[in-house]
Amino acid sequence: MRTSVSTSKPRHSIWRAAGWAIAVTMASSLLGCNGNDYTPAAKSGIVRYVIESDAPTADSVSLELKTRNGTDSREEADITLPYTLELSVDHSKPFNFKSAEISATASASATFITCRIFYDDKKVTESTAKGNASTVACQSDDWPSAARSLRK
């Protein structure tokens, strides 16, 4: 008795897969893709703190950015105005905005002092205090929709 083993189906599948691999490689070459050109969408943002006044300096500034990964806080004295500090936030790591705060005390020669917090150039909060040596504070835990969508 003679038995025959049919290998046409497995062999046919291998040739079909090889044909697809060649077609994909040729299409990639024609389109100029080499597989290393992929750049993922940006997953970062900028939180910008701003202090302005009619005086050239402020006595002090203190700021804080709270995230699920921790807190970045800074304090400075005798700062030159306008004062701007930008902190980059990386969303490729598990990141969740909790809050941003800034406060500043104007010098004795100031008649007003203003603070603002921005996220990617969108103002999230602003406050102004009037008077000599006044203190202003801004705080936000309400972020623009772009930041909220990245929190998920």
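The values are calculated or read from the model by the stated rules, or taken from the named source; none is laboratory data. No experiment lies behind these values; they were computed from the predicted model shown. Note that each Cβ is placed from the backbone with ideal geometry, even for glycine, and that neighbours are counted across all protein chains shown. With ligands, DNA and RNA removed, areas are computed over all heavy atoms of the protein, side chains included. Shrake-Rupley method; radii C 1.70, N 1.55, O 1.52, S 1.80 Å.
Can you give the accessible area of ASP59 in Å² (nearest 10), computed on protein heavy atoms with a 1.4 Å probe?
Its accessible surface works out to 70 Å², give or take rounding.
Note down the net charge around THR125, summing +1 for each Lys or Arg and -1 for each Asp or Glu among other residues with Cβ under 10 Å from its Cβ.
-2
What is the distance in Å between the Cα centres of the range 104-128 and the range 46-84?
Answer, in whole Å: 9.
Amide H to amide H under 5 Å from ALA110: which residues, 5+ apart in sequence or cross-chain, H placed 1.01 Å off N in plane?
ALA133
Summing +1 for each Lys or Arg and -1 for each Asp or Glu, what net charge is found among the other residues whose Cβ lies under 10 Å from the Cβ of SER73?
Spelling it out: positives minus negatives among the neighbours equals -2.
Where Lys and Arg each count +1 and Asp and Glu each count -1, what net charge lies around ALA110 among other residues with Cβ under 14 Å from its Cβ?
With Lys, Arg at +1 and Asp, Glu at -1, the neighbours total -3.
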